[in-house]
Every structure is written in C-alpha cells, then in structure tokens.
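In what follows, a structure is listed as structure tokens, so that the remarks can point back to it.
A short reminder: the numbers here are calculations on the coordinates, not readings from a lab. Source: prediction; values computed, not measured. In this analysis, Cβ positions are derived from the backbone assuming ideal geometry, glycine residues included, and neighbour counts consider all displayed protein chains.
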Amino acid sequence: MIREHLPVLQVVLSLVAAPLCLLLTRAVWAWLLAFIVSVAALLISIVLLREVYTGEVISYAIGGWAAPWGIEYRVDAVNAFILIIVTAISVVALMFAKTSVAQEVAGDKQGLFYTAWLLCLTGLLGIAVTGDAFNLFVFLEISSLSSYVLIGLGQDRRALTASFQYLVMGTIGATFILIGIGLLYMVTGTLNMMDLAARLAVLGDSRTVQTALAFLTVGIGLKLALFPLHLWLPNAYTYAPSAVTVFMAATATKVAVYMLLRFLFQVFDASFTFGAMPLGGFLAVLAAVGILSTSTVSIFQDNVKRMLAYSSVAQVGYMVLGISLVSSAGLTAALLHLFNHALMKGTLFLALGCVAYRLGSVRLGAIAGLGQRMPWTMAAFLVGALSLIGIPLTAGFVSKWYLILAAVERGWWPLVVVIVAGSLLAIIYVWRVVEMAYLRPPPEKLSVTEAPLSLLLPTWLLAGANVYFGIDTQFSVGMARQAAALLIGSSG
Amino acid sequence: MDLLGLYNYWIVILLMMMGFYVVIASGHLVKKLIGLNLFQASVFILYISMGTVDGGAAPILRSGVGVFSNPLPHVLILTAIVVGVATTALGLALVVRIKEAYGSVEEEDIHRQDDSL
Amino acid sequence: MKDNVVLRVVTKIIVPVILVFSLYVQFHGDYGPGGGFQAGVIFAAGFILYALVFGVEAIDRVFSAATLRIMTALGLLLFAGVGFWSLIGGERYLDYDALAQEPLVGQHLGIFLVELGVGITVAAVMITVFVAFAGRTPD
Amino acid sequence: MLTLILLVLLVSMALALLRAVKGPTVYDRILAANAFSTKTVLLITALGFLVGEAEYYIDIALMYTLVGFIATVAVLKVSEFGNLGQSGAVRSTPAEQSHK
C-alpha cells in the first residue's frame, strides 16, 4: 500500500521533518532527524528507481484530482536519476555536516540550519518529482530561499553579500521562469507538463510560445549558472559553510539542468527549440565560451574553494554542451556528466571542507605541505581532481569520453577541441593545488593533524564512488542512456 | 494594430522595466529590493489580468451569475505573492546583517571594504 | 508611544476588532473570499499595531519566541497531518474525501483544517518577522 | 453617478500623490499618503457598487483601512523615534522641533 504513495512521500517526508526540526532545540537531535529523513528519502528514491528502471512511468495525483486538472507527481527514468543524486549527496553531506557545522555555525543557529537544509532538500526533490509547471516554480522558490539562508550562515561577512547577490539574481531568474510559465498557460490553458507538451504540439509556433521559451531559458540559465549568468555562483560557493557548498555544488545546478532538459525536450518539442528556434547553436557557443573563459579564470584564483566554484561553471558548460548537441548520445553524455560531476565536485569540496576544518582557511598558500600532514584528505582531493580532469579509470573520464564521442558523431570538431582544451586548463589549475600540497615543504610551525574520521568517511565514500563509477559504468551509463532515450523519444 | 487595447501588457512591461532598472542601476541594497518587488509585482499583474474574462464576475459561486473570471491565475499568484513576501523579508534581514557587518548598505562601500581585506 | 492618549485608546478599541475580523476572514474562507493567508496576516497586524504603541516587549507576554516557533511548526504540521490522515484513510495524499464518511463533509473538514494550519503559520511567521526587525536594537 | 464619484476620487488621489511627492516636510508626505490610502478605501467601495458586488469589495476596503491605519502609525513612529520597537517615552527629535 505504501509503495503506491512513494512519489509524494519522497517530497513530503522532508517537508514534514522541517517543522519538527524547528521544534528540536538541541542541534544533535536536529541533525539526527535531518540525517534519518535523508536516508529515508534515499531509500525511497532507490525503490522508485527500481520501479521505473523498466521504462515505466509512475504518476501520482495529489488529492485525488486527476492529471490535467490536479497536481501530478510524475516519476520516470530522468527524474528518478536526479532523485538518486540529490538524496545520496544529501546523506553524504549531512554525514559530513555534523562535525563541520558544529564548528562553523553558531550553536543556537544549528537547529535552524538543519531546518533550512531539509527545506532545501524538499525543494530540490519537489522540482524533480513534480509534473506541474507552477508547482515547479513553488518548489524552486522553496529550495532557493532556503539556500540563501544556508549560504548567508557562512562565517565570513562576505557570505552575507554573496547571499544577497544570489538572492537578487535568483529571484530575477525565478520571476523569469514564472513569466515563461504564465505565457505558456496563456496559450494553452494548462499547467501540467505532459498536457502542455500535447497542446503545444497541436498549437504550433506563435510569438507567445517563442517568448515563453526565451524567458524560461534565461530564467533557468540564471539558476543553472550558465556562462554569462554565473556571476552569483563563485561568491556563493566560496563563502557558504563547507557542508552547504558540497550540497549546493553537487545538487542545485544539477536540478537546474534537469529543469532545462524537461522544458527544452519535453514541454517544448525538440524540433521547435532546436529547429524553429536557434537554441542549439546559441547554447553551444555559450557553453564553449563558458568552459574556456571560466577555466582560465579559475587558474588565477588564490582561494581554492573559489577556484573550484569557477570550475563548476565550466562543468555546467560541459552539460549544456551535451544538451546542445540534440542527439541521444549528447544527452547521454550530459546526464552522465551531471551524475559524475556531482561525485567529483562533492569529493573535492568535502576534502576542502576537511582542510577548512583543520586550518580554517582554504587559501592556496595555506595548503603548502598538507600532502604529508593530512595524507588521507589530500589523497581524496587528488582522486577528485583526477576525476575532474578526466583521467581514465575515474568517473570524469567516462563522461568526457561520451561527450567527445557525441560531438564527433555530430561532426562538431571545434567542440571536441574545446572539451580537450577545457581538460588541459583543468590540469593547470588542479596542478597548482597538487604542487602546493605535495611538493612544497610544510611551514615549520604548522602542526595540523589528519581530519577526524567523521569528516574523512563521507569524503572517501564519494572518492571511492568516483573510482567505482569510473570502472563499473553499467549503472550510470545505463541510467543516462535510458533517460536520454526517454527525452529524445518524447519529442520524436 | 490596436496598441491601447492591450493596455494591461503595457503596464506590465513598464513596471517590469522600471523594476529591472532599479535593481541594476541602484547601488543601495534596500532600493534594489524595492526594484525587485516592483519587478515581481509586474508579473503578478500579468497573471491577474490574464485571468480576466470580459463581463465576468468575481469567481465566487452564487446563483444568477453565469460568467466568472478564471480563478486559477489568482490562486497561483497568491502563492507567488507569498513567495515574494518571503523573499523580501529574507532580503531585508540580510541587509540588516550587512549593515551591522559593514556599517553601510551602499554596494560601492561594501566592495571597497572587502578589497582592502 | 503609549503616552499618547488618543493612540492608546484607539489601539485598545481597535485591536479586538482586528482580531475578530481576522477570525471572520479565516472561517469564512471555505465559502467566500478569505482564507488562511489573509486571516493570518490580519491577525498578526493586530498584534503588530499593539506592539507599535506599547513596545515590542509587549508581544513577548503573549507570544514568546518559543511560542512563535512552536506555532510556526504546528501550523505546517497540521497541514501535513491532514495529508497523512488521508493516506491512512487509504486515499491519495491530501484527498479530503478520506476525512469523513460523507465526501462533502470530508472536503469541508479538509479545507478548514488546512486553512487553519496556514493561518496559524502565517500569523506566527508575520509576528516573528516583525519582532525580528523591530526588536533589534540599533547600535 | 458612480462613475463621476470614481473620477472625483481619482483626481483627489492624484492631488494627494502630488503632495506626497512635493511635500516639503515629512509630515506633509505622511499626511498625503494617509489621505491617499483613505481615498483608495473609498475607491474600492465605490468600485464595488459600480460592479455590483459591493459585499465582497467592502471586506477588502475594511482590510485596507486597517492596513492603512497600522502603516501610518508605523511610519509616524519611525519618523518620530527612528525605530519601530521601543515603547519609550516621548523624545523630541530635530524634525519635530523644527515644526513646532
């Protein structure tokens, strides 16, 4: 009986846990609740994944109101994949958060911290599960508002300005999405995404639909940190508490990519978005410029967290590049990179969180000699970094390989050059850290020890996943391929 | 081309551009939030005017009235208004904290202080 | 501001009226225009007016920070609880039909409880926001 | 007739707005804003009778009166004391002195 209600439980569980968390005054209890709920959400998403793995689609009508009128929760191969990523990262990041947050956030605010965390999780899961365009906006705002709070809790006062900047940009983005949804509703009179797709296919091209597409693309682009709209991201990631950076970097942009996919390929027809409207070339150019420029910028960063934040923008570029190829192979590569990027950036930010826990700073100069002092942490960082560059036997290699294959298949050779150049730039900026950590002698008076086990465990969990999914690609590639087939197939 | 017939869109566009301009051009953080509010308000008007039906009554069920305005956009925008209030409250709270941390709410001052760090 | 006789007397007269009006909007909500959001805001407005005149500490006597926190959570839990109630009743999440024998009674009960939850949360949050801003002492 | 009332109200609202923008002192502006909100209440009510759904519009008008009143009190308090929270005794501010 409970199986049938899983799609809604996926979202509602964390939504109910949030007010409960508010009532718990002790930080430990709040953490425990958040952790248990995250684990439960992970289990639910695994069950959901197993059910949709065969290509089935689960539809759930909230309140018993049938699909085109009521709010429908809809789970298929694409969002089951996203759900797994979001919940798994939440579990790992929360494992890490207990020790890290206790140090970085004031004691009386920790209960509220986990409340905001649960709300953010609710929002991200809700975006993935819902099949209703307006519901998507509501969940987007839930996740955004709570992430502004989480980022604003950073120690540095610049966290406040970063959060404010994100708030302004994020609200503009969300409002753009709202306008887009409104215009679509104006044309079709429905908000259900499947129904929208069906009616838009009949109605065909009109100026309102074109405007809606433009607003939605720009709005999601802001949330996605697509190249010229990424200005909020580096500061937000740099000054947020370590655990939040892990969570945001590995999930928030991924969910935005999911929204982009859902709208470009399912709500609108791919033949409209990439045929009648020249979005493919547009996205490809933006992504390519983004990869090259932000990778270059990250070479010159002094703060390692900021460097990785810029690199995140570049990685988003790879995903968008895959999307812009508009082929089954391209989408597979984009989804695969989405999964792998969550793993590698998760590992890297977790390792940096360990460093920040011990040193209180993640400046490049402070890392000198850490390879000897914190061998496990830096080794995890190295694994993540190798994956980021795309060395064989790591997860990063797999997705880059698929991306290159997809670009070759379409015959877009300049893109292949861009992808390879991006990897080379990644080598440069990662090398700066590695050189600092392993080849420089540690300062005499530096007396740091290895990070505690509670921090190392989640870090190595993700580092191990990087290696595992670099070797055994059956799950990740299989899932990505199936999701891509679903997206491409639906737009015929 | 009946330009004035679609006057509601003109209002929406005018408000939207005003709000957007304030968000971009003003360095004062509170003014930025006011601009943001204006920007959101324009979308509220877009939705509400979208639901209008010519000659339709307020969408409350009672006898003797056959034509109603579409209530769905109103309900949707009620949610969006609540979201807008939450955003404004959060934004203002951040401004209060920024004021305490920097002693200023002017963007230029804040950037200047951070560069000197 | 409580030295001001006019303001003090007017406030004392008007605050109960505001609260009654908010209850009217709340309970009228499932038949006519009104509902939890509006009612919650009006309810909070009454207390805000009182706090403006008698000082923000006056709110503390009725709604302490802990009370507000509990109210915020309670309203949301009431909302979600209705959803789980329908789950237990064997229906879809938030399907009010499961709340009573008659579907119509169930629908009424459901929307009433949900609106009540919304009202409590909104009122608590609005007062919290006011206290958070007004109670902050400027340096 | 109602249309005429609406027009008159709109004109007076415009005048109040003009004063709110021009008003040399803070109190002129507050008074103008208060007048504006009162006129809005009247406008809503008149509009209700024009549309023929007065019973709903009056609810809204009541609501607006309350909000207008509270907002005026709040604005006055801020201009007088410079903060919203305190219960304190009357303290004369420079702005007040210049208008006595």
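Computed over all pairs of different Cα atoms, the Kirkwood value for the hydrodynamic radius of chain A is 22.3 Å.
Compare the Cα positions of D:PRO24, D:TYR64, D:PHE36 along the charge dipole of chain D (+1 at Cβ of Lys, Arg; -1 at Cβ of Asp, Glu; about the Cα centre) and return the one farthest towards the positive end. My answer, from the dipole projection, is D:PRO24.
Helix A:110-129 against the longest principal axis of chain A: what's the angle in degrees, Cα atoms only, rounded to the nearest 10? With both axes taken from Cα atoms, the answer is about 40 degrees.
Secondary structure note: in the protein assembly as shown, about 90% of the DSSP beta bridges are antiparallel.
Since only C:ALA39, C:LEU113, C:LEU7 are under comparison, the one whose Cα sits farthest along the positive direction of the charge dipole of region C:5-134, derived from C-beta charges on Lys, Arg, Asp and Glu, is C:LEU7.
Given R0 = 30 Å, the distance between the Cβ atoms of D:LEU50 and D:ASP28 translates into a calculated FRET efficiency of 0.40.
Note on C:PHE84 and A:VAL28: the model spin-label points, each 7 Å out from Cα along the C-beta direction, lie 2.5 nm apart.
With a 10 Å cut-off around each Cβ of C:38-50, the average count of Cβ atoms from other chains is 2. By how many degrees, 0 to 90 and rounded to 10, does the Cα axis of helix C:65-88 deviate from the longest principal axis of chain C? Helix C:65-88 sits at roughly 10 degrees to that axis. Take the cross-link list A:LYS254/A:LYS305; B:LYS32/B:LYS99; B:LYS99/D:LYS22; A:LYS254/A:LYS400; A:LYS345/A:LYS400; A:LYS223/B:LYS31 and give me the ones stretching past 21 Å between alpha-carbons. Beyond 21 Å: B:LYS99/D:LYS22; A:LYS223/B:LYS31. Applying the Karplus relation 6.51 cos²θ - 1.76 cosθ + 1.60 with θ = phi - 60° to region C:99-108 yields 3J(HN,Hα) values of 7, 8, 5, 6, x, 5, 5, x, 4, 5 Hz, where x marks Gly and Pro. Of the peptides C:22-29, C:114-121, the ranking by mean beta-carbon count within 10 Å, highest at the top, reads C:114-121, C:22-29.
Each of A:TYR60, A:TYR237, C:TYR31 was scored by other Cβ atoms within 10 Å of its Cβ. Arranged with the fewest first, they read C:TYR31, A:TYR60, A:TYR237.
From the alpha carbon centroid of region B:47-117 to that of region A:365-392 is 45 Å.
Explain nothing, just the number: dipole magnitude of region D:1-78 about its Cα centre with +1 on each Lys and Arg Cβ and -1 on each Asp and Glu Cβ, in debye rounded to the nearest 20.
440
In this label model, D:SER79 and B:ALA25 are separated by 2.7 nm, measuring between points 7 Å along each Cα→Cβ vector. With R₀ fixed at 45 Å, the C-beta to C-beta distance from A:GLU444 to A:PHE475 puts the FRET efficiency at about 0.40.
For a protection proxy built on the mean count of beta-carbon atoms within 10 angstrom, sort C:44-50, C:102-108, A:427-433 highest first, please.
Highest-to-lowest ranking by the protection proxy: C:44-50, A:427-433, C:102-108.
Along region A:275-292 the Karplus relation, 6.51 cos²θ - 1.76 cosθ + 1.60 evaluated at θ = phi - 60°, assigns HN-Hα couplings of x, 5, 9, x, 6, x, x, 4, 5, 4, 5, 4, 5, 5, 4, x, 4, 5 Hz to successive residues, with x for each Gly and Pro. Restricting things to alpha carbons, find the Rg to Rh ratio for the protein assembly as shown using the Kirkwood radius for Rh. Rounded to two decimals, Rg/Rh equals 0.97.
Summing Lys, Arg as +1 and Asp, Glu as -1, what charge do residues with Cβ under 12 Å from the Cβ of A:ALA80 carry, A:ALA80 excluded? Don't skip to the end; give the middle numbers.
On the way: positive: A:ARG50, A:ARG74; negative: A:GLU51, A:GLU56, A:ASP76.
That sum, taken over residues with Cβ under 12 Å, equals -1.
If only the Cβ of Lys and Arg carry +1 and only the Cβ of Asp and Glu carry -1, the dipole of chain B around its Cα centre is close to 420 debye. The ranking of A:ARG74, A:ARG440, A:ARG262 from fewest to most other beta carbons within 10 Å of each one's beta carbon is A:ARG440, A:ARG74, A:ARG262. Ordering A:LEU415, D:LEU2, A:LEU335 from the fewest to the most neighbouring beta carbons within 10 Å gives D:LEU2, A:LEU415, A:LEU335.
Using Cβ point charges alone (K and R +1, D and E -1), the dipole size of the protein assembly as shown about the Cα centre works out to roughly 1660 debye.
So the label point goes 7 Å from the Cα of C:ALA132 along Cα→C-beta, right? Which residues of region A:25-40 then have their backbone N under 16 Å from it? Residues passing the 16 Å test: none.
Taking 7 Å steps out from each Cα toward its Cβ at A:TRP65 and C:VAL105 produces label points 2.5 nm apart.
Dipole of chain A computed with +1 at Lys/Arg Cβ and -1 at Asp/Glu Cβ about the Cα centre; of A:GLY107, A:GLY280, A:TRP232, farthest Cα towards the positive end is A:GLY107. Computing Rg and the Kirkwood Rh from the Cα coordinates of region C:5-134 gives a ratio, Rg/Rh, of 1.08.
With a ≥ b ≥ c the root eigenvalues of the C-alpha gyration tensor of chain D, is it rounded (a/c under 1.5), prolate (a/b larger than b/c) or oblate? Because a/c hits 1.5 or more and a/b fails to exceed b/c, chain D counts as oblate. The distance from the alpha carbon centre of region A:165-212 to that of region A:1-69 is 27 Å, rounded to a whole number.
Built from the Cα atoms of region A:278-492, the convex hull projects on average onto 11.6 nm², one quarter of its surface area. Within a Cβ distance under 11 Å of A:GLN110, other residues only, what is the Lys/Arg minus Asp/Glu net charge? Within the 11 Å Cβ shell, the charges total +1. Relative to the longest principal axis of the Cα atoms of chain C, helix C:5-28 runs at roughly 10 degrees.
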